[in-house]
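Shown next, in structure tokens, is the structure this report addresses.
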Amino acid sequence: MLLNQELTQPIQLAPRCMQPLQRRDVLALLCASIGARAVWAQPKETPLPTPASLQTAGAAAKDLGQPLVLLISLPGCPWCELLRRNYLAPMRGEGLQAFQMMVNDRSRAVRDFKGAPSTGADIAQSYGAKLTPTLLFLNAAGQEIAPRIEGVASADLIGAQLHARLQTARQRIAP
């Protein structure tokens, strides 16, 4: 009974000339606002493929003289989206072998660098990726050849960090 009384008590949010809102009205507006934001505020994420085989992706990168860049990501991660949309997707158009693994994906079958069946979550765990985004710079055997990028400290600096790590990785795979 006390709960019903609390829900019908007025809340003074507006000037006295306006009728005060009831607690249940405020709760309803809040729930509607959150629901609308969840539905309408979700921008579509930039696609970045997940390889069927890391072994094959690594070999293709090697043939192009490129490192294999692997983004460990999480759906809805805004920093992951920044990397995909502003850097990795455009660089893929220029020949960079960039792919993503979702840290929470336990269903999509992926072959690891040894050809064994795995998942995105397993790959992320095998590299000890604890933050998203994590960018790995790998050779054809799956070894890290440049320092990884974990998280994004500044949207202004990430481009320079990425280019520096790519340069290091490319130098380490050059014949």
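Please say if segment 48-138 is rounded, prolate or oblate, where rounded means a/c under 1.5 for a ≥ b ≥ c the square roots of the C-alpha gyration tensor eigenvalues, and otherwise the choice is prolate for a/b larger than b/c and oblate otherwise? In terms of gyration-tensor shape, oblate.
Less than 5 angstrom separates the built amide H of S53 from those of R111, all sequence-distant by 5 or more or on a different chain. Only protein heavy atoms count here; on that basis, with a 1.4 Å probe, I149 has an accessible area of about 10 Å².
Taking a straight Cα-Cα cut-off under 28 Å and skipping sequence neighbours fewer than 8 places away in the same chain, the lysines within cross-link reach of K62 are K114, K130.
For segment 71-79, 3J(HN,Hα) computed residue by residue from phi via the Karplus equation (6.51, -1.76, 1.60; θ = phi - 60°) reads 8, 8, 10, 9, x, x, 6, x, 6 Hz, glycine and proline entered as x. Model label sites at K44 and A160, defined 7 Å from Cα along the beta-carbon direction, differ in position by 3.5 nm. Give me the number: length gained by fully extending R106 to E144, i.e. 0.36 nm times residue separation minus the C-alpha to C-alpha distance, one decimal in nm. That pair, R106 and E144, stretches by 11.4 nm at full extension. Near Q97, the amide H atoms lying under 5 Å from its own belong to V69; only residues 5 or more places off or on other chains count, and H is placed 1.01 Å from N.
Taking D63, D122 and ordering them by how much accessible surface each has at a 1.4 Å probe, largest first, produces D63, D122. Across segment 90-107, rounded Karplus estimates of 3J(HN,Hα) from the backbone phi angles (6.51 cos²θ - 1.76 cosθ + 1.60, θ = phi - 60°) give x, 5, 4, x, 9, x, 5, 8, 10, 9, 10, 10, 7, 5, 9, 8, 10, 10 Hz, Gly and Pro being marked x. In this simple spin-label approximation, D63 and T168 carry label points 7 Å from Cα along the Cα→Cβ vector, and these lie 2.9 nm apart.
Rolling a 1.4 Å probe over the protein heavy atoms leaves I145 with an accessible area of roughly 20 Å². Amide H contacts for I145 (H built 1.01 Å from N in the peptide plane; partners 5 or more residues away or on another chain; cut-off under 5 Å): F137, L138, N139.
The values are calculated or read from the model by the stated rules, or taken from the named source; none is laboratory data. Note that the structure is a prediction, hence the values are computed from the model and not measured. Every residue, glycine among them, receives a Cβ derived from its backbone with ideal geometry; neighbour counts consider all protein chains shown. The protein model used for the area step is the full one, side chains on, heavy atoms only, and it has no ligands, DNA or RNA in it. Shrake-Rupley method; radii C 1.70, N 1.55, O 1.52, S 1.80 Å.
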